[in-house]
Amino acid sequence: MLGSAGAMATIGMTGCARETIPDSEKPLKSKQPKTALILWYSQAGHTERNGRLIGKVLEQAGLTVTALDFRQCNPSTMKDHDLIIMGTPVYYLDTPGNVRSWLASIPSIDGIPAAAFATFGGPGDNQYNTAFSMLQLLSHKGGVPVGIATFGNMSTFAPTWSCGNEARILRYKDRPNEEIYTEVREFAKQVLRTVRGGGAISPISKEFHYGDVFKGSIMMKVTKLLISSHTIDADKCIGCGACVRKCPVGATHPDRHKVDQGRCIACMGCVNNCPVQAIDMVFLGKKVYGFTEFLRKNDIKIQEPKELQG
């Protein structure tokens, strides 16, 4: 769905004023952007795919685009761009902690138009507030809010199918599809129209959501309590380093065939991306297998947007 301008801080169901990104009085760096920076945090590929598609749409509109994982971005270069768009998956009903920490540490992007999008699995849960939180952090650094959106896909939470709930995931096996990609394209175009029109979409209010009580670290810690084993199988490991590249907290050590349980944030990045299923994780007594294996077992091929084919 595409986000729209919200009202000023309003009273939610809790009786408290909701968080709001207020009207921005900052002049835009440029109403005719020439360069765009597209950033994403992506563990199974959905958010990256949408980010790349956004980049292609902006390239077609004449912009020079830099599109990459935020972990590969030098924060000092962000100020050199005329537009910044960033995406993340929903992580335990929230913006991932590593994304929050990174955004809190970046230098000022004063006056640069900024937009945010979140990807969510299945029917979704708190995806709008996930995108809102990221846009709010960009705004705190001086970015001018010009877009917010959420896009659905098939869930990649490995314990769900590993514990026998494949049907819950397979209900959305066609996502992302052309309908989703059309939404992604329109989001990119709308962001550009907003910038060229010299406007901003603030004020934007956070939605009331029950999950805000349990989101983030609380849910993650509960998940970790249900994991009875999380190691690397020395006989299967091929030393490719995929688990190291995907782990956001440096918890995987294939050289020692261990996972640092204290650092692990149960993101499932190592399980989902190991090409040989060498991550030995047990959740609620069930051996967990990754997203690539789930796709193979169910003969599912993720549909790619035409702009990224070939």
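The values are calculated or read from the model by the stated rules, or taken from the named source; none is laboratory data. Bear in mind that the values here come from a model prediction, so they are computed numbers and not experimental data. As a convention, Cβ positions derive from the backbone with ideal geometry for all residues, glycine included, and neighbour counts pool all protein chains shown. The protein model used for the area step is the full one, side chains on, heavy atoms only, and it has no ligands, DNA or RNA in it. Shrake-Rupley method; radii C 1.70, N 1.55, O 1.52, S 1.80 Å.
If you go through region 189-211 and pick out every residue that is open to solvent by 50 Å² or more (accessible area, probe 1.4 Å) and either at pLDDT below 80 or in contact with an Asp or Glu (Cβ under 8 Å, 6 or more places away or on another chain) (or both), you end up with 1. On the basis of being among the hydroxyl-bearing types (Ser, Thr, Tyr) and modelled with pLDDT under 95, does Ser228 make the cut? It is false that Ser228 is among the hydroxyl-bearing types (Ser, Thr, Tyr) and modelled with pLDDT under 95. If you go through region 67-89 and keep only what is surrounded by 15 or more Cβ atoms within 10 Å (Cβ to Cβ) and over 12 Å from Ser42 (Cβ atoms), you end up with Cys73, Met78, Lys79, His81, Asp82, Leu83, Ile84, Ile85. Of all residues in region 97-108, exactly one satisfies the criterion of being touching a Leu at 6+ places or on another chain (Cβ under 7 Å) and open to solvent by less than 10 Å² (accessible area, probe 1.4 Å), namely Leu103.
Could you please let me know if Gly122 is within 22 Å of Lys29 (Cβ to Cβ), touching a residue at least 40 places away in the same chain (Cβ under 8 Å) and open to solvent by less than 10 Å² (accessible area, probe 1.4 Å)? Steps first, answer last, please.
Details: within 22 Å of Lys29 (Cβ to Cβ): no; touching a residue at least 40 places away in the same chain (Cβ under 8 Å): yes; open to solvent by less than 10 Å² (accessible area, probe 1.4 Å): yes.
Judged against the criteria, Gly122 is not a match.
What are the residues in region 125-141 that are surrounded by 23 or more Cβ atoms within 10 Å (Cβ to Cβ) and closer than 18 Å to Leu37 by Cβ, if any? Across region 125-141, the qualifying residues are Ala131, Met134, Leu135, Leu138. For Ile169, state whether it is crowded, with 20+ Cβ neighbours inside 10 Å, of a type in the set (A, V, I, L, M, F, W, C) and either part of a loop (DSSP other than H, G, I, E, B) or under 18 Å from the mean Cα position of the chain (by Cα) (or both). No; evaluated as a whole, the condition is false for this residue. Every test in (1) closer than 15 Å to Val195 by Cβ; (2) in contact with a strand residue (DSSP E or B) (Cβ under 9 Å, 6 or more places away or on another chain); (3) loosely packed, with under 15 Cβ neighbours inside 10 Å; (4) of a type outside the set (S, T, N, Q) is passed by Gly62 save one, and that test is (2).
Is there a residue in region 232-250 that is in contact (Cβ under 8 Å) with a residue 60 or more places away in the chain, part of a helix (DSSP H, G or I) and closer than 19 Å to Thr160 by Cα?
Our first condition is that a residue be in contact (Cβ under 8 Å) with a residue 60 or more places away in the chain; within region 232-250, this holds for 246, 248-249.
With part of a helix (DSSP H, G or I) added as a condition, the list becomes 246.
From the residues that got through so far, the ones that are closer than 19 Å to Thr160 by Cα too are none.
Checked region 232-250: no residue is in contact (Cβ under 8 Å) with a residue 60 or more places away in the chain, part of a helix (DSSP H, G or I) and closer than 19 Å to Thr160 by Cα.
Among the residues that make up region 247-261, is at least one of them closer than 20 Å to Met134 by Cβ and crowded, with 19+ Cβ neighbours inside 10 Å? Yes: one or more hits. May I ask you to verify whether Ala36 is open to solvent by 10 Å² or more (accessible area, probe 1.4 Å) and at negative phi? Answer is no for this residue. In the condition set (1) within 30 Å of Thr182 (Cβ to Cβ); (2) touching a residue at least 60 places away in the same chain (Cβ under 8 Å), Asp299 is compliant with all but (2). Among the residues examined, Glu186 does not qualify as in a loop (DSSP other than H, G, I, E, B), within 19 Å of Gly147 (Cβ to Cβ), acidic (Asp, Glu) and open to solvent by 60 Å² or more (accessible area, probe 1.4 Å). Contact map, region 16-27: residues that are among the polar types (S, T, N, Q) paired with residues that are at pLDDT below 75, Cβ distance under 9 Å, separation 6+ or inter-chain. Pairs shown: Thr20/Gly6; Thr20/Ala7; Thr20/Met8; Thr20/Ala9; Thr20/Thr10; Thr20/Ser202; Ser24/Ser202. Under 6 Å by Cβ, and 6 or more places apart or on different chains, what pairs join a residue from region 195-208 that is under 9 Å from Val146 (Cβ atoms) with one that is open to solvent by 10 Å² or more (accessible area, probe 1.4 Å) and among the hydrophobic types (A, V, I, L, M, F, W, C)? Note: pairs meeting the criteria are Ile201/Ala5.
Let's see how each residue does on (1) under 27 Å from Ser108 (Cα atoms); (2) within 18 Å of the chain's Cα centre (by Cα):
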| site | (1), (2) |
| --- | --- |
| Gly143 | yes, no |
| Asn153 | no, yes |
| Phe157 | no, yes |
| Tyr181 | no, yes |
| Thr223 | no, no |
| Ser229 | no, no |
